[in-house]
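S.K.: Below is one structure. I have some questions about it.
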Amino acid sequence: MLPGKVVVLYGPRQVGKTTLAKKMLEEERDPFLYVTGEDIVVREFLGSRSISKLREFVGGRKLLVVDEAQHVPGIGLNLKMLVDSIPGLRVLATGSSSFKLTQETGEALTGRQYTLRLYPLSHAEIAEVEHPHEVKANLESRLIYGSYPEVVVCRDNELRARYLKDLVHSYLLKDILVLDGVRHSDKLLRLLQLLAHQVGAEVSASELGRSAGLAKNTVERYLDLLRKVFVLHRMDGFSRNLRKELVRNPRYYFLDVGVRNTLVNNYNPVSLRNDVGALWENYIVMERIKGHEASSEPVGTWFWRTYDRQEIDLIEERSGKLHGYEIKWAPGRGRRPRAWTAAYPDASFSVVHSVNYAEFLSRRSSAG
């Protein structure tokens, strides 16, 4: 971390932000201060907007780590005052709600902030500690229980399910409900369950509203909040303004398929499920997103569909070139859509399935 800069680490609860911060401190040679924004005394000092009080709080330390920083009122302005008034100070702030933390940092840290996102464990990270045969053997388990660190290290499926239920109801939903204007916990849960059954399909806010008993504007606001508390990932349709391309409604994927399965209360093995295609698509899309985030390479991602139902699950644009990927659980040759070939003859196309997925997820995104 650079002096005079604030590194903001976003991510859902329980993915290891605190563990990562403390691990980093084990190798820190300069004097540091680690605090949590959930502490009322910390909130009093770090929310003070008093330079003298802030300087007194930090003392002679060269590094300040603020865990769960979104709980501190006006944290962005106060961190700006700190790095501006204490030469050489480095700051790490973590948060489980990008909505709240972005509100608090916002323009205050413009030019002084680096943003990082931490997700549940990725395929690439797991592959570094598991042998290839273990990665393959554990794939179906990952599709059912997801990749939260606690789930990955646990080997008891009953305990995994219990952990995920606690995670969803005690942490994820709690984070959403404390945000301003969210008052219908039962309808919010219903909205999430509806989305869980529509993974890989275009989503209409109007239709969701009718099913959940919510106004369209409320649905759109809830969907935006669900993205900002790291429950959902939104993907829009790709188009170069061709008349046949359909882009009106987005698709939503869950950051973790274990959370998705918990919402529909289904931990059945893959062989007994009728939703394996949707689960597989969700898994591959999010693993690819994790890979792009880790590489810091700018990559555009979309799905592609035409009005006559030709579609491609994942479109990536890298260095000006388009790549299309059809995502199928069962191995086999996917058919390249004729409309895709006609509209984008220079674009690549390939199929990602349960046999070749490891190679696809392990290669650098710029490689294809």
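S.K.: Just to confirm my numbers, what's the Cα centroid distance between region 231-265 and region 303-340 in Å?
M.R.: When both Cα centres are located, 15 Å separates them.
S.K.: Next question. Could you order peptides 21-27, 283-289, 197-203 by the average number of other Cβ atoms within 10 Å of their residues, highest first?
M.R.: Highest-to-lowest ranking by the protection proxy: 283-289, 197-203, 21-27.
S.K.: Answer with a single label: of [x] 31, 64, 5; [y] 25, 45, 26, 4, 0; [z] 27, 55, 18, 0, which was calculated as P(r) over Cα pairs in 20 Å bins from 0, in percent from the structure in view?
M.R.: Computing P(r) over Cα pairs in 20 Å bins from 0, in percent and matching it to [x] 31, 64, 5; [y] 25, 45, 26, 4, 0; [z] 27, 55, 18, 0 gives [z].
S.K.: Filter the DSSP H helices in the chain by two things, a Kyte-Doolittle mean of at least -1.0 and an axial alpha-carbon span of 20 angstrom or more, and list the hits by number.
M.R.: 276-295
S.K.: What distance in nm lies between label points placed 7 Å from Cα along the C-beta direction at Arg49 and Ala342?
M.R.: 6.1 nm
S.K.: Let me ask something additional. Run the reach check for Lys187 against lysines, Cα to Cα strictly under 17 Å, same-chain hits fewer than 8 apart removed. What comes back?
M.R.: Within the straight-line cut-off, Lys187 pairs with Lys174, Lys216.
S.K.: Between Asn356 and Tyr34, what length comes free when the chain is fully extended (0.36 nm per residue of separation minus the Cα-Cα distance, one decimal in nm)?
M.R.: Result for the pair: 111.6 nm of gain on full extension.
S.K.: Packing-wise, with mean Cβ within 10 Å as the measure, how do 80-91, 221-232, 42-53 rank, highest first?
M.R.: Put in order of decreasing packing, that is 221-232, 80-91, 42-53.
S.K.: According to the square roots a ≥ b ≥ c of the eigenvalues of the Cα gyration tensor, what is the shape class of region 199-250, taking rounded for a/c under 1.5, prolate for a/b larger than b/c otherwise, and oblate for the remainder?
M.R.: Oblate, because a/c is 1.5 or more while a/b does not exceed b/c.
S.K.: Using Cα centres only, tell me the gap between region 43-99 and region 117-149 in whole Å.
M.R.: Each part's Cα centre sits 35 Å from the other's.
S.K.: If you don't mind, there's one more thing I want to ask. Taking amide H positions as placed in the peptide plane 1.01 Å from N, state which residues far from Tyr114 in sequence (5 or more) or on other chains have amide H under 5 Å from it.
M.R.: Val6, Val7, Val8
S.K.: Using a Cα-Cα cut-off of under 25 Å, which lysines could be cross-linked to Lys244, ignoring same-chain neighbours fewer than 8 residues away?
M.R.: Output for Lys244: Lys321, Lys328.
S.K.: Let me ask something additional. Taking a ≥ b ≥ c as the square roots of the Cα gyration tensor eigenvalues, with a/c under 1.5 meaning rounded and otherwise prolate when a/b beats b/c, else oblate, which class fits region 6-117?
M.R.: Here region 6-117 falls in the rounded category.
S.K.: Using a/c under 1.5 as the rounded threshold, could you call region 225-368 rounded, prolate or oblate? The axes a ≥ b ≥ c are square roots of the C-alpha gyration tensor eigenvalues, and prolate needs a/b larger than b/c, oblate otherwise.
M.R.: Working: a/c = 1.41, a/b = 1.38, b/c = 1.02.
Rounded, because the longest to shortest axis ratio a/c is under 1.5.
S.K.: Under 21 Å Cα to Cα from Lys5, which lysines show up? Leave out anything in the same chain fewer than 8 places away.
M.R.: Lys17, Lys22, Lys23, Lys53, Lys62, Lys80, Lys100
Where a number appears in this text, it was derived from the coordinates with a stated rule and is not lab data. All of these numbers come straight from a predicted model, not from anything done at the bench. Positions of Cβ are generated from backbone atoms using ideal geometry, with glycine treated the same way; all protein chains shown enter the neighbour counts.
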